[in-house]
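Some notes on the structure that comes next.
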Amino acid sequence: MKKLIVAMMSFIVATVSTTVFVPISSAFLGWAGANNSKYIPTNNTQPYDINISRNIGNSKRPCIAVDSHGIPHVVWQDNHETKFGTYEIMYVKWDPVKKNWVGASGSVYDPSVEPEDQPADINVSYNIKDSVMPKIVLDTNDRPHIVWVDETGNDADIFYVYWEPGLPSGPGWARADHTKYNGSNADVCLNTGTSCQPTFDLDSNNIPFIAWTDTEYGNAEILCVKWDETNHRWACVDGSEYKANGPFCHGIVSNNSGLSVEPSLKIDKSTNTLHLAWADQSYQTNSKTNYEIMYARWNGASWVGANGSAYDASTGANANMSNNIGDSRAPSLDLDSNGRPNIAWQEATCTVGIGEILYARWNGNSWVGANGSTYNPINCANALVSDSSVGSKHPKLVLDSKNDPHLVWYVNTNDGVSEIIYTYWKPSLSGWYYPDGD
């Protein structure tokens, strides 16, 4: 196990109040802001190109996407002096000409302005109930598409909008049917259960595919829909109409008796194939019921595992990729250039009582670690990344252009704070490293 570094920041989880962006600088060795300010973690305050939100409210749940010009686009939830104390979804991108964070139409972000008074191209949700857990994906025109959990109705629902410059009323946030979003009309799930943990991606035609966790059907299930541009409706993955009250077609993916949570979705844009991972508490390993990491893809007719065989919802067969006796949670999925799944997750099997970060990829025949050797679910061999004594949680995975994995996660330290960890796999030395190569 090579050295890991505590990269970016140190914070107490309960009091996170800023949204921070820190890329790697080309001018000096280290993390830098969007305008190349050096990130110094010991500083009590950070420059405006690093500390994005810069207000006295709670700024949480950031999500970032980088466009074709290398410009970062960031969304987060913010409750800075909102009238009802609720969260709004905020969006900005870096403008290298104005040297400032701006909205989708170029409005300069002013952190002193309350979210409800921000310009419409910055305040995305714009309603009086909590809007939380945003995710962002950019389309082929670098336009932002955003999903979040919204409580505007009587329950938590999944909302989806994208930035549309060509609306009849002028540029604005639009629904999937290309009509104007009004603060309450972007509901995707359309049911009375609790809908949360959204994940989504766009296909090569910029069509959104969205998955989430939903309690509408007796227990937590994973649901997945796509936009049907021909019929202007949300559809199941088989193309039939999605109906919240049934028949359910293939809208319910997990479709089992236990809790199915924490979905992670990716589209292979070369074939527009849908891939999905989630954590599931429906199956027994050695007579013990625990969470397992499930992986399935849609083959055009049914959900199948990495081996191409049908996913059996009653047993988890062909989809259970963690397959061990400890709780396996929080999967993060990405696809390599061949459309094969790579998954990182939080695992309790390796060290009793301590969560570790594992990573495995499908090589066409089996799940293997970054070193290419077979993943052993009994002792985590070849998949173990973190190997810490304090617990590692909630990994996020992305592959670079060479298909090498990059990972971030957080650890709980002995002094009561959490730290963000970053590492990447270096094939030439067959190990996990941090940015300066050690």
Taking the range 172-191 as the search range and keeping residues that are in contact with a strand residue (DSSP E or B) (Cβ under 6 Å, 6 or more places away or on another chain) and of a type in the set (D, E, K, R), which one is modelled with the lowest pLDDT? D187
Given the conditions (1) over 24 Å from the mean Cα position of the chain (by Cα); (2) modelled with pLDDT of 95 or more; (3) surrounded by 15 or more Cβ atoms within 10 Å (Cβ to Cβ), which single one is not true for S260? (1)
Quickly run through the range 137-165 and pick out the residues that are within 14 Å of T213 (Cα to Cα) and in a strand (DSSP E or B). V147, W148, V149, D150, D157, I158, F159
Counting only residues that are in a strand (DSSP E or B), among the charged types (D, E, K, R) and more than 14 Å from D157 (Cα to Cα), how many does the range 190-241 have? 6
Kindly provide the set of residues from the range 245-274 that are within 17 Å of W212 (Cβ to Cβ) and not in a loop (DSSP other than H, G, I, E, B), ordered by number. I252, S260, V261, E262, P263, S264, L265, K266, I267, L274
Looking at K135, is it more than 15 Å from G70 (Cα to Cα) and surrounded by fewer than 19 Cβ atoms within 10 Å (Cβ to Cβ)? no
Could you tell me which of the residues G85, G106 is at pLDDT below 95 and assigned to a loop (DSSP other than H, G, I, E, B)? G85
Here is a list of conditions, (1) in a loop (DSSP other than H, G, I, E, B); (2) without any contact (Cβ under 8 Å) to a residue 40 or more places away in the chain, and G183 meets all of them except one; can you say which number that is? (2)
For the range 314-331, does any single residue satisfy the condition of being under 20 Å from V237 (Cβ atoms), crowded, with 16+ Cβ neighbours inside 10 Å and within 16 Å of the chain's Cα centre (by Cα)? yes
Near pairs, Cβ below 9 angstrom, 6+ apart or cross-chain, from the range 299-325 (within 16 Å of G339 (Cα to Cα)) to any residue that is surrounded by fewer than 15 Cβ atoms within 10 Å (Cβ to Cβ) and among the hydrophobic types (A, V, I, L, M, F, W, C): G305/A317
Subset of the range 110-149 (residues that are farther than 15 Å from E81 by Cα, without any contact (Cβ under 8 Å) to a residue 40 or more places away in the chain and in contact with a strand residue (DSSP E or B) (Cβ under 8 Å, 6 or more places away or on another chain)): I122, R143
Exactly one of A244, A277, A235 is in contact (Cβ under 8 Å) with a residue 60 or more places away in the chain and not aromatic (F, W, Y), and that one is A277
Pairs please, first residue from the range 367-389 and of a type in the set (V, I, T), second anywhere and assigned to a loop (DSSP other than H, G, I, E, B), Cβ atoms under 7 Å, 6+ apart in sequence or on different chains. V368/Y375; V368/N382; T374/S366; T374/N382; I378/N324
With (1) at pLDDT below 95; (2) over 30 Å from T140 (Cβ atoms) as the list, and N51 as the residue in question, which single condition is left unmet? (1)
List, please: which pairs have Cβ atoms under 6 Å, are six or more places apart or on different chains, and start with a residue in the range 150-163 that is in contact (Cβ under 8 Å) with a residue 24 or more places away in the chain and surrounded by 21 or more Cβ atoms within 10 Å (Cβ to Cβ) and end with one that is part of a strand (DSSP E or B) and among the aromatic types (F, W, Y)? D150/F159; I158/W212; F159/W148; V161/W173
If you take the residues of the range 350-374 that are of a type in the set (S, T, Y) and more than 24 Å from the chain's Cα centre (by Cα), which of them is surrounded by the most Cβ atoms within 10 Å (Cβ to Cβ)? T351
Entirely in the range 304-422, the strands (runs of 3 or more DSSP E) that have 3 or more residues that are farther than 29 Å from A65 by Cα and in contact with a strand residue (DSSP E or B) (Cβ under 7 Å, 6 or more places away or on another chain): none
Need pairs with beta-carbon distance below 7 Å; first residue farther than 21 Å from Y126 by Cβ and within the range 56-83, second outside any strand (DSSP E or B) and of a type in the set (D, E, K, R); sequence gap 6+ or separate chains. D67/D142; S68/D142
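The values are calculated or read from the model by the stated rules, or taken from the named source; none is laboratory data. This is a predicted model, so every value here is computed, not measured. Positions of Cβ are backbone-derived with ideal geometry, glycine not excepted, and every protein chain shown enters the neighbour counts.
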